[in-house]
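J.: Just dropping this structure here.
The values are calculated or read from the model by the stated rules, or taken from the named source; none is laboratory data. Source: prediction; values computed, not measured. Note that we place each Cβ from the backbone using ideal geometry, even for glycine, and neighbour counts take in every protein chain shown.
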Amino acid sequence: MVRLVYYYVQHRAAPIHSNPKWSPEQRSRNGYASTFFTEGAYTLFNRMLEEKIVDEVLMIIESMDHPGVYRYDNNLQNFTIRVVPEIAQTEQFLRPNDIIYIRGGFKQWWEFIDRLSKKGHWILFYRANTNRGNWLFWDVVFEDLSEREAMDRYGRAYLHFIKPTSPSLFHPMEIERPYDVCIGASHIHDKKGQWRGVQAMLSYRRLFGKDLRCILPGRVIGGARTRESMEAIPQKLLPISLPGMLQREQMGTIYNQSKLFVHLGTGGQNDRGPLEAMRCGTPVMIAHPPNHAPLVYKNPEVSAVFTDHDNFDLVAREIFERLQQCTEENRKRVFQYHEETSGIEQVILPRMSRLFNFFRQHPVKDKEALRREYGL
């Protein structure tokens with residue numbers, strides 16, 4: 001029997017070694033648990049269960065916020081979410097041959113993960129924009145910023161990973177496209193780069209003598225450049241809609257209502273916005289390729305990279321040129337490209353099937369067998 005144990009997130013956790021009292025079987029009302037259905041991983045795990053790639057999934061959230069157990073009413077019974085106050089309290093739920101999948105790897109988790117590794121569990125890791133990739137106990141590192149596959153001198157296997165996008169929330173819709181550009185799809189702050197989009201719209205007005213209709217979703221977090229640009233929107237009467245923070249269910253509609261999606265941030269790791277937009281059929285422009293999966297930028301028919309994201313006149317001109325290509329026929333190509341390169345059914349499930357079939361055949365950790373399986 002193969003069980004995947006997915007350590008998802010830490011939020012307001014109890015101090016390490018504090019071992020606070022809690023009721024494991026009490027129904028949790030944790031927000032991370034109740035909204036997990038919007039994640040592509042939720043769909044992927046359910047499909048892995050349906051296809052018998054794994055037999056059971058246990059997801060862990062470390063939080064003092066409503067600890068307990070959570071199950072979706074319409075979900076498979078062998079998919080359980082547990083919210084635990086402190087990470088070590090999950091050991092009571094673990095079995096000897098569980099496959100451990102760590103997302104992010106929080107500092108307080110090091111001792112616990114090291115203990116699981118020494119017990120012989122296979123340990124999988126997705127960095128999720130953390131700096132935990134240098135920890136030595138990872139057996140498989142899911143690498144989504146390059147297509148390389150290799151094993152380093154410490155026995156860590158780097159496998160090409162494709163981040164899943166929820167097909168039920170993000171898909172093409174035959175609706176009107178009232179917005180020329182959707183500027184980002186996340187919290188609004190300097191690192192996410194929405195301010196560059198606002199400045200580019202001012203350049204666009206000056207260069208072309210007209211405005212583009214834009215939408216800029218998200219909650220303003222802060223940053224000097226962000227504050228300055230957000231103040232410019234009403235001051236300069238820019239037609240940029242500011243709907244605030246939206247539910248991810250709503251973002252599928254926003255992508256579909258937009259002719260073009262631009263991501264002008266220079267940080268993060270494979271932000272979901274471009275992937276979600278592409279699955280809706282919306283062409284994408286990005287600022288900084290090293291922070292995105294290669295599939296986001298390597299096909300010029302469906303996406304483009306800004307030549308200089310801090311030259312706002314040039315950004316405006318490149319947006320103008322790209323909008324000329326944003327036809328309904330092009331939207332079909334964008335969607336098809338997403339499915340061919342990163343669709344859950346076409347691409348991700350077969351990859352996961354191969355990996356977990358290997359684990360089924362090798363429940364005892366065997367790095368050399370893993371090297372041979374992938375030719376690393």
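J.: Find all pairs meeting these conditions: Cβ atoms under 6 angstrom apart; at least six residues apart or on different chains; first residue within segment 132-159 and more than 21 Å from residue 289 (Cβ to Cβ); second residue modelled with pLDDT under 95 and of a type outside the set (A, V, I, L, M).
T.: Short answer, once both residue conditions are applied: 132/105.
J.: Considering segment 213-223 alone, what residues qualify as being among the small types (Gly, Ala, Ser) and in contact with a Phe, Trp or Tyr (Cβ under 9 Å, 6 or more places away or on another chain)? So that I can check it myself, show each step before the final result.
T.: Start the filter on segment 213-223 by keeping residues that are among the small types (Gly, Ala, Ser), which leaves 218, 222-223.
223 - this is the single residue of segment 213-223 that is among the small types (Gly, Ala, Ser) and in contact with a Phe, Trp or Tyr (Cβ under 9 Å, 6 or more places away or on another chain).
J.: Just to verify a result, which residue in segment 36-90, among those that are part of a strand (DSSP E or B) and free of Cβ contacts under 8 Å to residues at least 40 places away in the same chain, is nearest to residue 9 (Cα to Cα)? Break it down into steps so the answer makes sense when it comes.
T.: Let us first name the residues in segment 36-90 that are part of a strand (DSSP E or B), namely 56-62, 68-70, 79-84.
Narrowing further to those that are free of Cβ contacts under 8 Å to residues at least 40 places away in the same chain: 79-80.
Values: 79: 17, 80: 15 Å.
Restricting to residues being part of a strand (DSSP E or B) and free of Cβ contacts under 8 Å to residues at least 40 places away in the same chain, the top hit is 80.
J.: Just wondering, is there one or more residues in segment 216-227 that are closer than 30 Å to residue 160 by Cα, of a type in the set (D, E, K, R) and surrounded by 14 or more Cβ atoms within 10 Å (Cβ to Cβ)? Write out each step before concluding.
T.: Initially, segment 216-227 is screened for residues closer than 30 Å to residue 160 by Cα, giving none.
No, that holds for no residue.
J.: Okay, next question. Is it fair to say residue 144 is more than 30 Å from residue 334 (Cβ to Cβ) and among the charged types (D, E, K, R)? Break it down stepwise before answering.
T.: On the way: more than 30 Å from residue 334 (Cβ to Cβ): no; among the charged types (D, E, K, R): yes.
Here the answer is no, as residue 144 does not meet what is asked.
J.: Which pairs do you get when a residue that is in contact (Cβ under 8 Å) with a residue 60 or more places away in the chain and hydroxyl-bearing (Ser, Thr, Tyr), found in segment 352-364, comes within reach of a residue that is surrounded by 15 or more Cβ atoms within 10 Å (Cβ to Cβ) and not in a helix (DSSP H, G or I), reach meaning Cβ atoms under 8 angstrom, with the pair 6+ apart or on two chains?
T.: If the second residue must be surrounded by 15 or more Cβ atoms within 10 Å (Cβ to Cβ) and not in a helix (DSSP H, G or I), the pairs left are 353/53.
J.: Would you mind stating whether residue 223 is among the small types (Gly, Ala, Ser), closer than 30 Å to residue 10 by Cα, at pLDDT 95 or above and in contact with a helix residue (DSSP H, G or I) (Cβ under 8 Å, 6 or more places away or on another chain)?
T.: So residue 223 does not fit the description; no.
J.: Can you name the condition, by its number, that residue 147 falls short on among (1) part of a loop (DSSP other than H, G, I, E, B); (2) crowded, with 17+ Cβ neighbours inside 10 Å?
T.: (2)
The rows are residues; the columns are (1) assigned by TED's automatic domain parsing to the domain that holds residue 322; (2) of a type in the set (D, E, K, R); (3) under 14 Å from the mean Cα position of the chain (by Cα).
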residue: 247; (1), (2), (3): yes, no, no
residue: 257; (1), (2), (3): yes, no, no
residue: 269; (1), (2), (3): yes, no, yes
residue: 279; (1), (2), (3): yes, yes, yes
residue: 290; (1), (2), (3): yes, no, no
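J.: Still on this structure, please answer the following. Can you pull out the residues in segment 100-143 that are over 18 Å from residue 4 (Cα atoms) and assigned to a loop (DSSP other than H, G, I, E, B)?
T.: Hits for segment 100-143 are 106, 128, 129, 130, 131, 135, 136.
J.: Read through the list (1) more than 29 Å from residue 283 (Cα to Cα); (2) at pLDDT below 95, then give the number of the only condition that residue 110 fails.
T.: (2)
J.: What number of residues within segment 1-40 satisfy the criterion of being within 30 Å of residue 278 (Cβ to Cβ), of a type in the set (Ser, Thr, Tyr) and over 16 Å from the mean Cα position of the chain (by Cα)?
T.: Looking only at that region, the number is 1.
J.: Which residues, counting only those in segment 234-249, are without any contact (Cβ under 8 Å) to a residue 24 or more places away in the chain and in a helix (DSSP H, G or I)?
T.: 234, 235
J.: Continuing with this model, one more query. For segment 92-107, what are the residues that are out of contact with any Asp or Glu (no Cβ under 8 Å at 6 or more places or on another chain) and not aliphatic (A, V, I, L, M)?
T.: Answer for segment 92-107, where residues must be out of contact with any Asp or Glu (no Cβ under 8 Å at 6 or more places or on another chain) and not aliphatic (A, V, I, L, M): 92, 93, 95, 96, 97, 98, 101, 103, 104, 105, 107.
J.: If I ask for residues that are surrounded by fewer than 19 Cβ atoms within 10 Å (Cβ to Cβ), out of contact with any Gly (no Cβ under 9 Å at 6 or more places or on another chain) and over 15 Å from residue 233 (Cβ atoms), which ones from segment 169-204 would you list?
T.: 174, 175, 176, 177, 178
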